[in-house]
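The structure appears below as structure tokens.
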Amino acid sequence: MTKPRTYQTEAIIIRKIKLGEADRILTLYTPHPGKIRAVAKGVRRPRSKLSGHLELLTHSMVSLARCRNLDTIIGSQTINSFLPIKSNLELTSYALYATELVDQFTADNVENPPLFQLLLETMKRLCQGGDNELVLRYFELHLLNLVGYRPQLQQCVSCKSALESTINSFCPGAGGMLCPNCRQNKLTYSISVNGQKMLRILQSNEYNTVSQLEMNRELSGEIEGVMRNYLKYLLEGEVKSTAWLDTLREQKIASG
């Protein structure tokens, strides 16, 4: 069956690259057909009718024409511009971090509607002014669930025994927790009892439940460290946007 010449889809603009003097190649994350790259012609011109609807970190309805290489965007209408995110550097850094993870963990043209919904809900939560660190940790764990890298947090990945309420360790290379007896000679990160509980709650619950929790700075830092090391292992390198996120955080602490 021949695909129609044009099609329309919801999309979150997660990346942009300049092309020529006035065009851009945009990376769009959509519920169907997943991640796509498309050309927005003339979008960098001052009078472009498309430019405002195709800004980075915007949720839009996009019309595209199929082409031999990259499809071409022929129309777009903003659904949600996420203005609170774009008017706050810290929120912008959080949103770019989330979109970078989606970009890194997905291949082109592979549908994952729940992941689109997770990203969309994360953008909305960042606009609401809650605990943004909690929003990101929830996003990370549920993204990993949806792309096939769900960490094992309930039992030791080596001996399969249930984890006792003591300091256990997370092993990125093994994809989960190790009990004290099995951690020897492996690259692991110790996690407190409270840290383990928080990770399990984040992984196994809806956000409405998770949002009732409170993390102090120490616990938040511990959870972030575990997730960052696991993501670094999976991606074989640092997530680029974490450097900017860390810089903004340091500036915030320094200013009081």
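The values are calculated or read from the model by the stated rules, or taken from the named source; none is laboratory data. These numbers were taken from a predicted model, which means no experiment stands behind them. Backbone-built Cβ (ideal geometry, glycine too); neighbour counts: all protein chains shown.
Quick notes on this structure:
- Selection status of VAL157, β-branched (Val, Ile, Thr), under 21 Å from LEU101 (Cβ atoms) and in the same structural domain as VAL110 (by TED's automatic domain parsing): no
- Screening GLY148 on (1) surrounded by 16 or more Cβ atoms within 10 Å (Cβ to Cβ); (2) on the phi > 0 side of the Ramachandran plot shows it passes everything except condition (1).
- Residues that are at negative phi and touching a Gly at 6+ places or on another chain (Cβ under 9 Å) number at least 1 in the following strands (runs of 3 or more DSSP E) confined to region 157-224: 168-171, 189-191.
- Test: residue in region 46-53 that is in contact with a helix residue (DSSP H, G or I) (Cβ under 9 Å, 6 or more places away or on another chain), surrounded by 14 or more Cβ atoms within 10 Å (Cβ to Cβ) and not assigned by TED's automatic domain parsing to the domain that holds GLU100: no
- Only listed residue being surrounded by 20 or more Cβ atoms within 10 Å (Cβ to Cβ), under 21 Å from TYR207 (Cα atoms), under 17 Å from the mean Cα position of the chain (by Cα) and in contact (Cβ under 8 Å) with a residue 60 or more places away in the chain, chosen from PHE139, PHE82, PHE116: PHE116
- Restricting region 35-74 to residues that are assigned to a strand (DSSP E or B) and free of Cβ contacts under 8 Å to residues at least 40 places away in the same chain leaves a set whose member that is farthest from LYS3 (Cα to Cα) is ALA40.
- Screening LEU96, LEU26 for residues that are closer than 23 Å to LEU115 by Cβ, touching a Phe, Trp or Tyr at 6+ places or on another chain (Cβ under 9 Å) and either of a type in the set (A, V, I, L, M, F, W, C) or assigned to a strand (DSSP E or B) (or both) leaves exactly one candidate, LEU96.
- Remark: pairs (first residue in region 233-246, modelled with pLDDT under 90; second residue of a type in the set (Gly, Ala, Ser); Cβ separation under 6 Å; 6+ apart in sequence or on different chains) = TRP244/SER93; LEU245/SER93.
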